[in-house]
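> There's a structure below that I have some questions on.
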Amino acid sequence: MEQSDDFSAHYHDLLEGRYDCPDRLVLNGYFSLGQTGGGFRTWWRRLTGSDETLDQAHLLDLAGRFSRRVHAFAKSHRIRLIHCAPGTRKHELAEQHRPADPKFTGLFLILVAKAPAPVWEVTTSRHGVPHLTRKKPWPYVNHYHFHVLDPEWGHLTFKVSGHPPFGVQVMLNGHEWVERCARHQAIAAVKEGNCFVGGSDLPALDRLAEALGAEDAIGRVTEVCERWVYSTCLCFALDREEQQRSGFRYQYSCFQVEYSRNLVFARGTELEAVYQGFIDRTRRVLDVPTLKTIFGRKHRPHLLRRAGATTPRIERVVDASHYDVTVFKVHFGRLTLKVYDKGARVLRIEVIAHSVKELRCGKRLEKLPIMLATLPRMVIDFLNVMQAAHCGALDPAALDTLPQPTQRGTRRLAGIDLQKPRMRAVVEALLSLAPAPNGFTAGDVAAKIGDRLSPTTYTPRHAAYDLRKLRGKELVTRVGTTRRYRLAPPAIRTLVALLILREKIIKPVLAGAGKPKPGRPPKRAHPLDVHYANLQRELRHTLDTLGVAA
């Protein structure tokens, strides 16, 4: 977490501080014996004493008992129980019912919703022996979301399947844990939503969050799961005596992990200018497929003071009392890298492993420190690539040296001519693949270029040849001994500058270098259009002096 990145370093003078924090952590809890037919029969014999009652009716009765007990408990203890329609944002709904008392601990809400889950189907052979198979596809069954407030971890969610073997999904939040640790240690922490803002001791919060990546964090996570899952969730399916008699114990594996780097700007207007300029310059170069605007967060304080609470912003406002949040998002398989402004002065850079399989370090909870060491490296690499694409730098010799051929061993390779459509498409594809956490292959390049040209005329063999040419210019490097490649930040700066020079300066200026168009100029012109007009006017004077007809 102590490692810096090029983007933060570039805007260091505008920042009040920064901190890193693991955000959302989702665990899968499973009963190992319940994962196979033979293991489930063994557990059933421990629970009931024989196989004679192992049939479909008894399994459905066990699921029905779960439902009846949950509803009866909620009614007797006056706990809100809500059946959710498909598409309901359950966490946002739970936040609306969160107790106002800061000292409250325990269960405060139960949500019921349908979701697919593994369900056993029992058939009996002619000899009376039960046979268990998984229903395929997984059927939609009721899941019970138990929302709990823990004194150490804050808001926890336990999502339990109503059918045996009662799989559970546990959702924790790293910001909630850091906030409570800071409160216990009397560290200044000002939290808005799920983010620390100005007025907080950001270096101290960063050190607290770093503890979540240590080895002893595994014990903390296991302890909080064990504290609630048996006494608050599983007890509706199996009471304590049935749990002990049948030996029902959960084991845990990681399912999803989120990690964020948060940059706290001194002023919200500076954040807005930096972020919107960042998006404008990098979206086209990096070929970001998703740039969406999420509406409905909260007021920017400085706008309210200056314009009044009911004055809407002119740009992309739907609700006059709210401001918009622009999300810059890049997907790579089951990994997502995104940047968005959170709160009035915080820019969050987040990496989400929707499935920890993509991290290739195992799924068991014991691998959590390795995951939390891998994700920060992805965030830093992503920011370095973004900064390189955001601020291009042109080597004066690049225009002359790139088209020249190179020699790799005994093979002579052609140069790189950006005037050719194929080479421009290759460079654009490489820039769009540059943020990939694990690099890219020749097949990935061919697939990207196939969207621009034609899949039949550009194959992975063509991509491999072009990658060799780029490696000859030291613009592309191989990742270890694999067949994956990566663009270094200096190469990104050079390629971005060359593309901008050609597409944003040379072409539009030359296109308007002829006679000026008649007509009245617009009342409001974009600053870039004003620069283009000035350049075109001076270029016409230069061409007249040189005796060249435009």
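The values are calculated or read from the model by the stated rules, or taken from the named source; none is laboratory data. Fair warning: this is a prediction, and the values are worked out from it, not measured in the lab. Note: ideal-geometry Cβ built from the backbone for every residue, glycine included; neighbour counts use all protein chains shown. When the accessible area is computed, the model is the full protein with side chains, heavy atoms only, and any ligands, DNA or RNA have been set aside. Shrake-Rupley method; radii C 1.70, N 1.55, O 1.52, S 1.80 Å.
> Return one whole number: the accessible area per residue of the range 162-259 in Å², for a 1.4 Å probe.
On the way: 3750 Å² over 98 residues.
Ligands and nucleic acids excluded, the result is 38 Å² per residue.
> To continue, here is another question. When Lys and Arg each count +1 and Asp and Glu each count -1, what net charge do the other residues less than 13 Å away from Leu107, Cβ to Cβ, add up to?
Working: positive: Arg78, Arg80, Arg98, Arg227; negative: Asp150.
Net local charge, Leu107 excluded: +3.
> Let me ask something else. If you take the Cα Rg of the range 97-209 and divide it by 2.2 N^0.38 Å, with N the number of residues, what do you get?
Values: Rg = 21.0 Å, N = 113, 2.2 N^0.38 = 13.3 Å.
Normalised Cα radius of gyration, the range 97-209: 1.58.
> Holding the Cα-Cα limit at 22 Å, pick out from Lys114/Lys136; Lys469/Lys507; Lys357/Lys448; Lys420/Lys504 the pairs that are longer than that.
Details: Lys114/Lys136 16 Å; Lys469/Lys507 26 Å; Lys357/Lys448 24 Å; Lys420/Lys504 17 Å.
Violating the 22 Å limit, Cα to Cα: Lys469/Lys507; Lys357/Lys448.
> Here's something else I'd like to know. Applying 1/(1 + (r/R0)^6) with R0 = 35 Å to the Cβ-Cβ distance of Glu503 and Ala9, what FRET efficiency is obtained, to the nearest 0.05? Intermediate results must be reported in sequence, preceding the final value.
Numbers: r = 28 Å, r/R0 = 0.80.
That gives a FRET efficiency of 0.80.
> With no solvent and one point on each alpha carbon, what is the Debye value of log10 I(q)/I(0) for the range 194-253 at q = 0.24, 0.26, 0.30 Å⁻¹?
-0.98, -1.06, -1.19
> Now a separate question. Of the options Met378, Thr441, Leu263, report the single residue whose Cα projects farthest towards the positive end of the charge dipole of the chain (beta-carbon charges: Lys, Arg +1; Asp, Glu -1).
Towards the positive end, the residue furthest out is Thr441.
> How much length is gained if the chain between Leu60 and His531 is pulled fully straight, taking 0.36 nm per residue apart and subtracting their Cα-Cα distance, in nm to one decimal?
Working: separation 471, 0.36 × 471 = 169.56 nm, distance 7.28 nm.
That pair, Leu60 and His531, stretches by 162.3 nm at full extension.
> Using a simple charge model, +1 on the beta-carbon of Lys and Arg, -1 on the beta-carbon of Asp and Glu, nothing else, what dipole does the chain show about its Cα centre, in debye to the nearest 20? Please list the in-between numbers first.
Numbers: 83 positive and 55 negative charges, 358 e Å.
Value, rounded to 20: 1720 debye.
> Run through all the Cα pairs of the range 478-549 and give the fraction in each 10 Å bin from 0, expressed as whole percent.
Final binned percentages: 16, 32, 23, 13, 10, 5, 0.
> Straight-line reach from Lys103: which lysines have Cα under 26 Å away, leaving out those fewer than 8 places along the same chain?
Counting by Cα, and skipping residues close in sequence, Lys103 has these lysines nearby: Lys75, Lys90, Lys159, Lys191.
> Could you tell me which of rounded, prolate or oblate describes the range 344-416, using a ≥ b ≥ c as the square roots of the eigenvalues of the alpha-carbon gyration tensor, with rounded for a/c under 1.5 and, failing that, prolate when a/b is larger than b/c and oblate otherwise?
Numbers: a/c = 4.76, a/b = 1.76, b/c = 2.70.
Cα axes put the range 344-416 in the oblate bin.
> Now, a different point. Can you pull the percent of Cα pairs in the chain with separation above 43 Å? Please list the in-between numbers first.
Values: 53575 of 150975 pairs.
More than 43 Å apart: 35 percent of the Cα pairs in the chain.
> Taking all pairs of distinct Cα atoms, average 1/r, flip it, and tell me the Kirkwood hydrodynamic radius of the range 47-131 in Å to one decimal place. Walk me through the numbers on the way to the answer.
Numbers: mean 1/r = 0.0615 Å⁻¹.
Here the Kirkwood hydrodynamic radius works out to 16.3 Å.
> For the range 448-508, what log10 I(q)/I(0) values come out of the Debye formula at q = 0.12, 0.23, 0.26 1/Å, with one point per alpha carbon and no solvent?
Log10 of I(q)/I(0), two decimals: -0.40, -1.07, -1.10.
> Please grab the % of Cα pairs in the range 111-168 that end up more than 15 Å from each other.
Values: 991 of 1653 pairs.
Value for the range 111-168: 60 percent of Cα pairs lie more than 15 Å apart.
> Which value, in debye to the nearest 20, describes the size of the charge dipole of the range 77-131 about its Cα centre when Lys and Arg Cβ atoms bear +1, Asp and Glu Cβ atoms bear -1, and nothing else is charged? Intermediate results must be reported in sequence, preceding the final value.
On the way: 8 positive and 4 negative charges, 19 e Å.
So the dipole magnitude of the range 77-131 works out to roughly 100 debye.
> Quick check: with the 1.4 Å probe, what order do Asp529, Asp51 take by accessible area, largest first? Intermediate values should be presented prior to the final figure.
Values: Asp529 85, Asp51 35 Å².
From most exposed to least exposed: Asp529, Asp51.
> Just reorder Asp395, Asp400, Asp466 by solvent-accessible area, largest first, 1.4 Å probe, all chains present. Spell out each step's value before the answer.
Working: Asp395 80, Asp400 105, Asp466 0 Å².
These residues rank, largest area first, as Asp400, Asp395, Asp466.
> Just need the Rg to Rh number for the range 372-514, please, alpha carbons only, Kirkwood Rh. All intermediate terms of the calculation are to be shown ahead of the outcome.
Working: Rg = 15.7 Å, Rh = 16.0 Å.
Over the Cα atoms of the range 372-514, Rg/Rh equals 0.98.
> In addition: Just to confirm the number: angle between the C-alpha axis of helix 489-500 and the first principal axis of the chain, 0 to 90 degrees, nearest 10?
60 degrees
> When only the heavy atoms of the protein chains count and the probe is 1.4 Å, how do Trp43, Trp228 rank by accessible area, highest first?
Working: Trp43 0, Trp228 40 Å².
Largest accessible area first, the list is Trp228, Trp43.
> Hey, if you put +1 on the Cβ of every Lys and Arg and -1 on every Asp and Glu Cβ in the chain, which of Val496, Gly39, Leu202 ends up farthest toward the positive end of that dipole?
It is Val496.
> Enter the accessible area of Trp120 (Å², nearest 10), with the probe set to 1.4 Å and all protein chains included.
Trp120 exposes around 10 Å² with every protein chain in place.
> Something else now. By how many nm would the segment from Ala414 to Glu241 lengthen if fully extended, with 0.36 nm per residue of separation less the alpha-carbon distance?
On the way: separation 173, 0.36 × 173 = 62.28 nm, distance 7.60 nm.
Fully extending the segment from Ala414 to Glu241 adds 54.7 nm.
> Which value, in debye to the nearest 20, gives the size of the charge dipole of the range 83-175 about its Cα centre, when Lys and Arg are +1 and Asp and Glu are -1 at the Cβ?
Numbers: 10 positive and 6 negative charges, 106 e Å.
In total the dipole reaches around 500 debye.
> Sticking with this structure for a sec: As a test question: what accessible area, to the nearest 10 Å², does Glu121 have when a 1.4 Å probe is rolled over all protein chains in place?
The value for Glu121 is about 70 Å².
> While we're on this one: Pairing the Cα long axis of helix 56-76 with the longest principal axis of the chain, what angle in degrees results, from 0 to 90 and rounded to the nearest 10?
So the helix axis and the longest Cα principal axis differ by about 80 degrees.
> A further question on this structure: Of the options Ala115, Phe66, Pro102, report the single residue whose Cα projects farthest towards the positive end of the charge dipole of the range 52-146 (beta-carbon charges: Lys, Arg +1; Asp, Glu -1).
So the residue we want is Pro102.
> Before rounding to the nearest 500, sum -39500 (n - 2.57) across all DSSP H runs of length at least 4 in the chain and divide by the residue total; then give [θ] at 222 nm in deg cm²/dmol.
Values: 18 runs with 211 residues, N = 550.
Helices in the chain give a 222 nm mean residue ellipticity of -12000 deg cm²/dmol.
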